[in-house]
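The values are calculated or read from the model by the stated rules, or taken from the named source; none is laboratory data. Treat the numbers as computed from the prediction; the structure is a model and nothing was measured. Please note: Cβ atoms are built from the backbone with ideal geometry, for glycine as well, and neighbour counts cover all protein chains shown. Accessible surface areas use protein heavy atoms only, side chains included; no ligands, DNA or RNA. Shrake-Rupley method; radii C 1.70, N 1.55, O 1.52, S 1.80 Å.
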Amino acid sequence: MRTFAGISTSNGFVRGPVFLYRGQGELPIVEYVVENGKEEEELLRLRRAREEAKKDVEGLIKVLEDRGNEESKIFESHLMFLDDPWLQELTEKRIRVDRLNAEAAVKKVIAEQRAIFARMNDEYFKERVRDIDDVERRLLTSLSGFERTLKFELKAPSIIVADDLTPSETVQLDRKFVLGIATNGGSKTSHVALLARALAIPAVTGLKDITEHVHPGEEVLLDGTNGLVTIRPTKEALEKFDELLNRQRTLLEEDKDNKVAGSLKDGGEILLYANIHPGVPVEGLKEVGARGVGLYRSEYLWLNREGVPSEEDQFEAYSEAARIASSLSEKGSITIRALDIGGDKLVRGISKTENNPFLGNRSIRYLLTHREVMKTQLRAILRASAYGDVWMMYPMVSCVEELREAALVMEEVKRELTEEGKSFNKNIKVGAMIEVPSAAINAEAICRHVDFVSIGTNDLIQYTMAADRSNEDVAHLYQPTNPAVLKLIKMTIDAAKKVGIPVGVCGESAADPIMGVLWVAMGVDMLSMSGTYIPLMSRMFKNLSRAELDDYAATIAALPDDSSAEEILAACRKWMEKAIPKLDDLLLL
Ligand code: PEP
Ligand code: MG
């Protein structure tokens, strides 16, 4: 048995077989055990891939020969490799006997060959390793269909174990078959993390090298709540884990009886909204008690597709989301966030290479410098506002000028739509995300230019601490409870109250039982989070009164400002444990 500790990324406990996904450079490679009886299909895939690879090499040889290029000889040896009956037999045996998928079989056999060549003293033979690498890559490319699109051909419920997953890879996951996710890289706020939570898939990230230790198909235990993955568990470990699975079941049953999400013990109420994005299933939001949608990440319409979504594509998606939000409750509004690309959210054909993309031409900056994109999106959002209570907000606002300029574009779009006779809500609420320190510091001025603000703690922490939100090496500096972060949040809340507009938090910390409760205690009106976390936060509020929340805020505010983030977090935890004696049990999920 071995237990790997990573970052708790999406709560929940699950046991199941491993589906090993290996990105190989630009190639998406998956390795798994094929279903019994499906070996012939795999053999066929392998043979087809081999034929395709051979055709490519033959084409290459022809081109080189036509040019009179001597190097064509090198590729003759590649053809020999591909045609080698002994290697073919070895690879096919891996599929037939070990039931490995074609990719895994190719990798295994090639690795053996590589090792043989590497042991040779002769320089000539040593060099042949490069040819083997080349042949392997060619075969794997054929098998993967030449695309950097992931073919997660999951045939049975599995736990995905991967180096890392990009947003486009993640959105292709078939929820039906994904029991859990464990990755070497990533962090709590990477996009695979956001998605896992949106889909209620238990996940652990930052496991460093787990892909090197698991075998495809073997059963592992994944504890998303504590960030642990156990391989080859002992009998005792299995029994303990099954106990947790039972407690998980009971808690889920109790949540179902907790009818009104966000109600306080004294009858007060906290507005809990859901974060969603296109491509993610939204069923279940009503069951968990989401009031509406507090953050719709529109950029996902741009990810994972060729070209830009048209106004109609967008209108369709936004109006459908508005319809879903209004079905959630009387206050079923939806806040559509304008295109937030840049940083780690890169879009094929749009994103430019920048030296420092996190500080680059992203989000509202991108929109203001690409007017057609901005106008098209605003048109689609406004048109969707005829179909529900649609609010919209700009991401990454760093100064008032941006809001002034955006307001002019909005006016222009409204004028055009009116001229065209299109219906829309003329008083659509426009907000700003507070996720850049300058916006928090000057929050009062920002608040005077908008109808609401939403604090994006994911980025606000990143920019305040100058610590990349997805870099494990600086994860210790990514501190939600750093006094500087708390000050900026307090300034934003106070500014919004003074100006008289609602203020919410839509970063991942809204779903953290310690932090989310603190934000409410400090005065935010609403929290927006992955729907899966609403029951957890509801459990917290059900055990607290407004007077207690005031005491929480006062306790933390009274801590000295040279306290470390850890000391503040410990004080938060201590307060929560005192206020809610059975806290540990409620935190299981
Ligand atoms: C945030 O930064 O907190 C936020 C909600 O936006 P995103 O995570 O999409 O950057
Ligand atoms: Mg953000």
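Set Lys and Arg Cβ to +1 and Asp and Glu Cβ to -1, take the dipole of the chain about its Cα centre, and tell me which of VAL517, ALA193, ALA53 lies farthest positive.
VAL517
With n ≥ 4 as the cut-off for DSSP H runs, can you work out [θ] at 222 nm for the chain, using -39500 (n - 2.57) per run divided by the number of residues, rounded to the nearest 500?
-14500 deg cm²/dmol
Can you give me the long-range amide H partners of VAL347? Hydrogens built in the peptide plane at 1.01 Å from N, cutoff under 5 Å, separation of 5 or more residues or another chain.
HN-HN under 5 Å from VAL347: GLY342.
Just how many % of Cα pairs in the chain lie over 42 Å apart, if you round to the nearest whole percent? Provide the component values of the computation, followed by the final result.
On the way: 52004 of 173166 pairs.
When all Cα pairs of the chain are counted, 30 percent exceed 42 Å.
Note the angle between two axes, namely the Cα long axis of helix 513-522 and the longest principal axis of the Cα atoms of the chain, as a number of degrees from 0 to 90, rounded to the nearest 10.
It is inclined by approximately 30 degrees.
Name the residue from SER263, ALA105, ALA338 whose Cα lies farthest towards the positive end of the charge dipole of the chain, charges +1 on Cβ of Lys and Arg and -1 on Cβ of Asp and Glu.
Selected residue: SER263.
Using a simple charge model, +1 on the beta-carbon of Lys and Arg, -1 on the beta-carbon of Asp and Glu, nothing else, what dipole does region 345-437 show about its Cα centre, in debye to the nearest 20? List each step's numbers first, then the result.
On the way: 15 positive and 12 negative charges, 51 e Å.
With Lys and Arg at +1 and Asp and Glu at -1, about 240 debye.
How much accessible area per residue does the chain have, counting only protein heavy atoms and a probe of 1.4 Å, in square angstrom?
Working: 25930 Å² over 589 residues.
For the chain, the per-residue accessible area is 44 Å².
Given region 450-500, what whole percent of its Cα pairs are spread farther than 18 Å?
Roughly 35 percent, rounded to a whole number.
Using DSSP to call loops (not H, G, I, E or B), can you name the trypsin sites (Lys or Arg not before Pro) in region 308-405 whose Cβ has at most 11 other Cβ atoms within 10 angstrom? Intermediate results must be reported in sequence, preceding the final value.
Details: sites: ARG323, LYS331, ARG337, LYS345, ARG348, LYS352, ARG362, ARG365, ARG371, LYS375, ARG379, ARG383, ARG404; in loops: LYS331, ARG348, LYS352, ARG362.
Qualifying residues, ordered by number: LYS352.
Output the antiparallel fraction of DSSP beta bridges having both residues in region 268-586, as a percent to the nearest 5. Before the final figure, lay out the partial values.
Values: 1 of 29 bridges.
Percent antiparallel among DSSP bridges in region 268-586 is about 5.
As an exercise, use a Förster radius of 22 Å and the Cβ-Cβ distance of LEU559 and LEU477 to find the FRET efficiency, rounded to the nearest 0.05.
Numbers: r = 19 Å, r/R0 = 0.88.
My answer for the efficiency is 0.70.
So, in nm, how far is label ASN226 from label GLU372 when the simple model puts each one 7 Å beyond its Cα toward the Cβ?
5.6
Show me, bin by bin at 5 Å from 0, the whole-percent P(r) of region 237-323 based on Cα pairs.
Once binned at 5 Å, the Cα pair distances of region 237-323 give 3, 11, 16, 15, 13, 12, 11, 9, 6, 3, 1.
Would you mind calculating the gained length between LEU408 and LYS582 on full extension (0.36 nm times residue separation, minus the Cα-Cα distance), in nm to one decimal?
Working: separation 174, 0.36 × 174 = 62.64 nm, distance 5.25 nm.
Fully extending the segment from LEU408 to LYS582 adds 57.4 nm.
Please give the length that would be gained between LYS497 and LYS265 if that part of the chain were fully extended, namely 0.36 nm times their separation in residues minus their C-alpha to C-alpha distance (nm, one decimal). Mind showing how you got there, number by number?
On the way: separation 232, 0.36 × 232 = 83.52 nm, distance 2.43 nm.
Result: 81.1 nm gained on full extension.
Can you list, largest first and rounded to whole Å, the semi-axes you get for region 517-566 by taking the square root of 5 times each eigenvalue of its Cα gyration tensor? It would help to have the intermediate numbers written out before the result.
On the way: eigenvalues 102, 39, 18 Å².
Equivalent ellipsoid of region 517-566: 23, 14, 10 Å, largest first.
Ranked highest first by average number of other Cβ atoms within 10 Å, how do 197-206, 499-508 line up?
Details: 197-206: 25.7, 499-508: 22.3.
Per-residue Cβ counts within 10 Å, averaged per peptide and sorted highest first, yield 197-206, 499-508.
Report the full-extension gain for the segment ARG137 to GLU320: residue separation times 0.36 nm, less the Cα-Cα distance, to one decimal in nm. List each step's numbers first, then the result.
Details: separation 183, 0.36 × 183 = 65.88 nm, distance 4.25 nm.
Result for the pair: 61.6 nm of gain on full extension.
Any chance you could give the angle, 0 to 90 degrees and rounded to 10, that helix 371-384 forms with the longest Cα principal axis of the chain?
60
For region 268-586, what does the convex hull of the Cα positions come to per residue, in cubic angstrom?
On the way: hull volume 42.7 nm³, N = 319.
Convex hull volume per residue, Cα atoms: 134 Å³.
For LYS38 and LYS62, FRET efficiency with R0 = 30 Å and r from the beta-carbon atoms, rounded to 0.05?
Numbers: r = 36 Å, r/R0 = 1.20.
Computed FRET efficiency for LYS62 and LYS38 comes out at 0.25.
When N is the residue count of region 470-562, what does its C-alpha Rg come to as a fraction of 2.2 N^0.38 Å? Each step should come with its number before you reach the end.
Values: Rg = 13.7 Å, N = 93, 2.2 N^0.38 = 12.3 Å.
Normalised Rg, Cα atoms only: 1.11.
Quick one: which of LYS176/LYS286; LYS352/LYS375; LYS240/LYS265 span more than 28 angstrom between C-alpha atoms? Provide the component values of the computation, followed by the final result.
Numbers: LYS176/LYS286 20 Å; LYS352/LYS375 21 Å; LYS240/LYS265 33 Å.
Correct reply: LYS240/LYS265.
Go ahead and run the numbers for FRET between THR234 and ALA111, Cβ-Cβ distance against an R0 of 30 Å, rounding to 0.05. Could the numbers behind the result be given before it?
Details: r = 30 Å, r/R0 = 1.01.
Efficiency computed from Cβ-Cβ geometry: 0.50.
Hey, if you put +1 on the Cβ of every Lys and Arg and -1 on every Asp and Glu Cβ in the chain, which of LEU43, PRO480, ILE7 ends up farthest toward the positive end of that dipole?
Farthest along the dipole direction, towards plus: PRO480.
How far is helix 123-144 tilted, in degrees, relative to the longest principal axis of the Cα atoms in the chain, given as a value from 0 to 90 rounded to the nearest 10?
Helix 123-144 sits roughly 60 degrees off the main axis of the chain.
Below 8 Å between Cα atoms, with a sequence gap of 6+, how large is the relative contact order for region 268-586 in percent?
Over region 268-586, the number comes to 16 percent.
Return the percentage of antiparallel bridges among DSSP beta bridges fully within the chain, rounded to the nearest 5 %. It would help to have the intermediate numbers written out before the result.
Values: 24 of 63 bridges.
The answer is about 40 percent antiparallel.
Roughly how big is the chain's charge dipole about its Cα centre, with Cβ charges of +1 (Lys, Arg) and -1 (Asp, Glu), in debye to the nearest 20?
Working: 77 positive and 95 negative charges, 235 e Å.
Computed charge dipole of the chain: roughly 1120 debye.
Probe radius 1.4 Å, ligands and nucleic acids ignored: give me the carbon and sulfur share of the accessible area of the chain as a rounded percent.
Details: 13400 of 25930 Å².
The nonpolar share, carbon plus sulfur, comes to 52 percent.
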